[in-house]
Amino acid sequence: MDDLIDGPPANPIKIQDTSFRDGHQSLLATRLRTEDIIPIAERMDEVGFWAMEVWGGATFDAMHRFLGEDPFERLRTLKQYMKKTPFTMLLRGQNLLGYRHYADDVVRLFVDKTCEAGMDIFRVFDALNDFRNIETAAERVKANGKHFEGAVLLTLSGNRFGGEVFTLDYYINKGKELQDMGADTVCFKDMGGIMNPLDVGLLIRTLKEELTVPIHFHAHCTSGMASMGYLEAIRAGVDIVDTCLAPFAFRASQPAVETMVATLSGTNRDPGFDLNLLLEMDEYLEGIAPKYRDYAAKHRMSVVDTEVIVHQVPGGMISNLVNQLKEANALDRLPEVYREVSVTRKDLGMPPLATPTSQIVGVQAVLNVLFGRYKIVTNEVKDLVYGLYGRTPFPVDQEVQKKVLKGYKKGETPITGRPADYLEPELESARKKVGDLAKDDYDFLIYALYPSTGERFLRWKYGLEEKPEEIKPKTLEDIRKEDDAMAAAIEKICATQ
């Protein structure tokens, strides 16, 4: 055990920054534009981070769909500005960066081209912790000589370790499974921010005894417990933690790097970062933040959601639920949806709530609240129950299974094999469909992952179709004009009272 004590930094904690990916994904619906990253990219490269998470997760989707940006071009561009710090991406195994399982040939090409574009570290997870679903991606990461970080999703059946599935032994065995697969590091990922800090300490302490590869811990501040969890993890000897710059930290994001640096200053785990450099970049982010204020959550006063300890809905999923209910003019039913998420999740085999299972469970919970339980069932829920996403941690409720799969075109008896084994190769048919619109494999992969929005983006990219106004970026001048107009309108209303 490497307890935290005052003294020289004998074992400095390694820190991965998430400001350019998970930070703005968790707080600003993944809307941060490349033009607002570049001004501090070189300064970030000077901090001394173990790695920078700059890609993956929802960035690929949001960039091409909502920002009109080429995801691969962002990666190549940032590599020009950040030459010292390795890049990390979050990869959903067989889901890649989409919302379904892709055939093995798509997975292989995607990983190969992403390596070629400049990615160094691949954090690979499966939403069900079914590691059959990460085998192909992991093999290609290793074949390209890159760093394979296998990830275990942390979830609970109650408020602490225990219950029928999510015990300490469950997680230790999952970590060993990834180590046996050749993982260079193993990450334990608390995407809901629900882990009790004392359990985090116990988990890391036990992992350090059982595993030989470095241990990485990642958590979100949704419930307010993540910083305490980080401190317990560091006391227990964790090797790496994830933080981000303060303007993009806390709430549904990660703990702030500045507070970690201040807390560990003068201890044996001091990372040795320049706090003034970090504060300088905070000031920059605060300066551009008004451009993205429309994406920030405004539906509650508290900056933490203590209910997450019960409903376990992660930050990115919360924003999706809020948007869905707003569209249905039913935001007042959010508490009902939170309660229904817990019930629906248990019905569907207790999947961890990470993309895509968080969306699958969340959308079905909304439908159950608005229209009655399983009166409307999404195709994704049918696929999940059928086994196309993999093996759920706990058996699906038999009555729900019968109801969901009744008349299902693929069959009423779930499959049990590796899901990708049931998929036909996709590359050849996708190449025929996209034709000359895709100029290279990078274009082709955008289309292959997202045929509809990907084709539309390629038409924007090559000037075959004009980008709509909502795709074009707001400037700080735009924000100032909006504020002036709002102030004038308020003044006019007040003058008539």
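The values are calculated or read from the model by the stated rules, or taken from the named source; none is laboratory data. Keep in mind the model is a prediction, meaning the values are calculated, not measured. Note: ideal-geometry Cβ built from the backbone for every residue, glycine included; neighbour counts use all protein chains shown.
List the number of the failed condition for residue 401; all other conditions in (1) part of a helix (DSSP H, G or I); (2) touching a residue at least 40 places away in the same chain (Cβ under 8 Å); (3) closer than 22 Å to residue 130 by Cβ hold.
The failed condition is (2).
Just to be sure I understand the filter: pairs with C-beta atoms under 8 Å, separated by 6 or more residues or on different chains, first member in region 30-55 and among the basic types (Lys, Arg), second member assigned to a loop (DSSP other than H, G, I, E, B) and modelled with pLDDT of 95 or more. Which pairs pass?
33/69
Hey, residue 181 hits all of (1) out of contact with any Cys (no Cβ under 9 Å at 6 or more places or on another chain); (2) under 22 Å from residue 308 (Cα atoms); (3) of a type in the set (A, V, I, L, M) but one; which does it fall short on?
Every listed condition holds for residue 181 apart from (2).
If I filter region 91-110 for residues that are crowded, with 20+ Cβ neighbours inside 10 Å and among the basic types (Lys, Arg), do I get at least one hit?
Within region 91-110 (the criterion being crowded, with 20+ Cβ neighbours inside 10 Å and among the basic types (Lys, Arg)), the answer is yes, since at least one residue qualifies.
Is there a residue in region 66-83 that is of a type in the set (Lys, Arg), modelled with pLDDT of 95 or more, closer than 13 Å to residue 119 by Cα and buried (at least 22 other Cβ atoms within 10 Å of the Cβ)?
Yes: one or more hits.
If residue 141 satisfies all but one of (1) surrounded by fewer than 24 Cβ atoms within 10 Å (Cβ to Cβ); (2) more than 15 Å from the chain's Cα centre (by Cα), what's the number of the condition it fails?
Result: residue 141 fails condition (1) only.
Could you please find all residues in region 267-283 being under 19 Å from residue 18 (Cβ atoms) and crowded, with 16+ Cβ neighbours inside 10 Å?
271, 273, 278, 281, 282 - these are the residues of region 267-283 that are under 19 Å from residue 18 (Cβ atoms) and crowded, with 16+ Cβ neighbours inside 10 Å.
I need a count of the residues in region 215-264 that are assigned to a helix (DSSP H, G or I) and either in contact (Cβ under 8 Å) with a residue 24 or more places away in the chain or not β-branched (Val, Ile, Thr) (or both). Before the answer, list the steps.
Let us first name the residues in region 215-264 that are assigned to a helix (DSSP H, G or I), namely 226-235, 246-248, 257-264.
Next cut, either in contact (Cβ under 8 Å) with a residue 24 or more places away in the chain or not β-branched (Val, Ile, Thr) (or both) only: 226-235, 246-248, 257-260, 262-264.
Counting residues in region 215-264 that are assigned to a helix (DSSP H, G or I) and either in contact (Cβ under 8 Å) with a residue 24 or more places away in the chain or not β-branched (Val, Ile, Thr) (or both) gives 20.
When residues of region 311-348 are filtered for being part of a helix (DSSP H, G or I) and in contact (Cβ under 8 Å) with a residue 40 or more places away in the chain, how many remain? Break it down stepwise before answering.
The initial filter retains those residues of region 311-348 that are part of a helix (DSSP H, G or I), namely 311, 315-327, 331-347.
Next, from what is left, pick out any that are in contact (Cβ under 8 Å) with a residue 40 or more places away in the chain: 315-321, 324-325, 346-347.
Result for region 311-348: 11.
With the condition kept exactly as written, say whether any residue in region 269-291 is more than 20 Å from residue 353 (Cβ to Cβ), assigned to a helix (DSSP H, G or I) and among the polar types (S, T, N, Q).
Step one: list which residues in region 269-291 are more than 20 Å from residue 353 (Cβ to Cβ), which gives 269-291.
Next cut, assigned to a helix (DSSP H, G or I) only: 275-291.
From the residues that got through so far, the ones that are among the polar types (S, T, N, Q) too are 276.
Yes.
Within region 414-470, take every residue that is among the hydrophobic types (A, V, I, L, M, F, W, C), more than 26 Å from the chain's Cα centre (by Cα) and outside any helix (DSSP H, G or I) and give me the one that is nearest to residue 95 (Cα to Cα).
In this case the residue turns out to be 415.
Would you tally the residues in region 176-194 being crowded, with 23+ Cβ neighbours inside 10 Å and either over 21 Å from residue 92 (Cβ atoms) or of a type in the set (Gly, Ala, Ser) (or both)?
3
Quick grid of which residues meet (1) within 17 Å of the chain's Cα centre (by Cα); (2) of a type in the set (S, T, N, Q); (3) more than 21 Å from residue 249 (Cα to Cα):
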position: 149; (1), (2), (3): yes, no, yes
position: 152; (1), (2), (3): yes, no, yes
position: 157; (1), (2), (3): no, yes, yes
position: 163; (1), (2), (3): no, no, yes
position: 167; (1), (2), (3): no, yes, yes
position: 181; (1), (2), (3): no, no, yes
position: 193; (1), (2), (3): yes, no, no
position: 197; (1), (2), (3): no, no, no
position: 203; (1), (2), (3): no, no, yes
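For region 358-382, enumerate the residues that are among the small types (Gly, Ala, Ser) and within 23 Å of the chain's Cα centre (by Cα). Working first, answer last.
Looking only at region 358-382, we keep the residues that are among the small types (Gly, Ala, Ser), and these are 358, 362, 365, 372.
Of everything in region 358-382, those that are among the small types (Gly, Ala, Ser) and within 23 Å of the chain's Cα centre (by Cα) turn out to be 358, 362, 365.
Considering only region 327-334, I want to know if a residue exists there that is closer than 22 Å to residue 29 by Cβ and acidic (Asp, Glu). Spell out the reasoning first.
Pass one, region 327-334, residues closer than 22 Å to residue 29 by Cβ: 327-334.
Now narrow it down to the ones that are acidic (Asp, Glu): 327, 332.
Yes.
Can you pull out every residue in region 78-108 that is hydrophobic (A, V, I, L, M, F, W, C) and touching a Lys or Arg at 6+ places or on another chain (Cβ under 9 Å)?
Of all residues in region 78-108, those hydrophobic (A, V, I, L, M, F, W, C) come to 78, 82, 87, 89-91, 96-97, 103, 106-107.
Of everything in region 78-108, those that are hydrophobic (A, V, I, L, M, F, W, C) and touching a Lys or Arg at 6+ places or on another chain (Cβ under 9 Å) turn out to be 87, 89, 90, 91, 107.
So residue 306 ticks every box in (1) under 15 Å from residue 20 (Cα atoms); (2) part of a loop (DSSP other than H, G, I, E, B) but one. Which box is left unticked?
(1)
Need a quick list: helices (runs of 4 or more DSSP H) entirely within region 1-109 having at least 1 residues that are over 25 Å from residue 262 (Cβ atoms), basic (Lys, Arg) and more than 20 Å from the chain's Cα centre (by Cα).
Working: elements: 24-28, 34-44, 59-62, 71-81.
The helices (runs of 4 or more DSSP H) meeting that bar are 71-81.
For residue 20, indicate whether it is touching a Ser or Thr at 6+ places or on another chain (Cβ under 6 Å), in contact (Cβ under 8 Å) with a residue 24 or more places away in the chain, under 24 Å from residue 73 (Cβ atoms) and surrounded by 20 or more Cβ atoms within 10 Å (Cβ to Cβ). Walk me through how you get there before you give the answer.
Numbers: touching a Ser or Thr at 6+ places or on another chain (Cβ under 6 Å): no; in contact (Cβ under 8 Å) with a residue 24 or more places away in the chain: yes; under 24 Å from residue 73 (Cβ atoms): yes; surrounded by 20 or more Cβ atoms within 10 Å (Cβ to Cβ): yes.
The answer is no for residue 20.
For region 367-396, what are the residues that are closer than 19 Å to residue 336 by Cβ and among the aromatic types (Phe, Trp, Tyr)? Don't jump to the end; show me each part of the working.
Looking only at region 367-396, we keep the residues that are closer than 19 Å to residue 336 by Cβ, and these are 367-378, 381.
Of everything in region 367-396, those that are closer than 19 Å to residue 336 by Cβ and among the aromatic types (Phe, Trp, Tyr) turn out to be 371, 374.
Would you confirm, using the coordinates I've provided, whether residue 386 is in contact with a helix residue (DSSP H, G or I) (Cβ under 8 Å, 6 or more places away or on another chain), among the hydroxyl-bearing types (Ser, Thr, Tyr) and within 24 Å of residue 93 (Cβ to Cβ)? Write out each step before concluding.
Numbers: in contact with a helix residue (DSSP H, G or I) (Cβ under 8 Å, 6 or more places away or on another chain): yes; among the hydroxyl-bearing types (Ser, Thr, Tyr): yes; within 24 Å of residue 93 (Cβ to Cβ): yes.
Against the criterion (in contact with a helix residue (DSSP H, G or I) (Cβ under 8 Å, 6 or more places away or on another chain), among the hydroxyl-bearing types (Ser, Thr, Tyr) and within 24 Å of residue 93 (Cβ to Cβ)), residue 386 qualifies.
Has region 394-405 got any residue that is modelled with pLDDT under 95, of a type in the set (Phe, Trp, Tyr) and not assigned by TED's automatic domain parsing to the domain that holds residue 116?
Looking for residues that are modelled with pLDDT under 95, of a type in the set (Phe, Trp, Tyr) and not assigned by TED's automatic domain parsing to the domain that holds residue 116, one finds at least one in region 394-405, hence yes.
Return the only residue of 67, 109, 78, 96 being within 19 Å of residue 360 (Cα to Cα) and in the same structural domain as residue 24 (by TED's automatic domain parsing). Let's see the steps before the verdict.
Numbers: 67 fails: within 19 Å of residue 360 (Cα to Cα); 109 fails: within 19 Å of residue 360 (Cα to Cα); 78 fails: within 19 Å of residue 360 (Cα to Cα).
When all the criteria are applied, what remains is 96.
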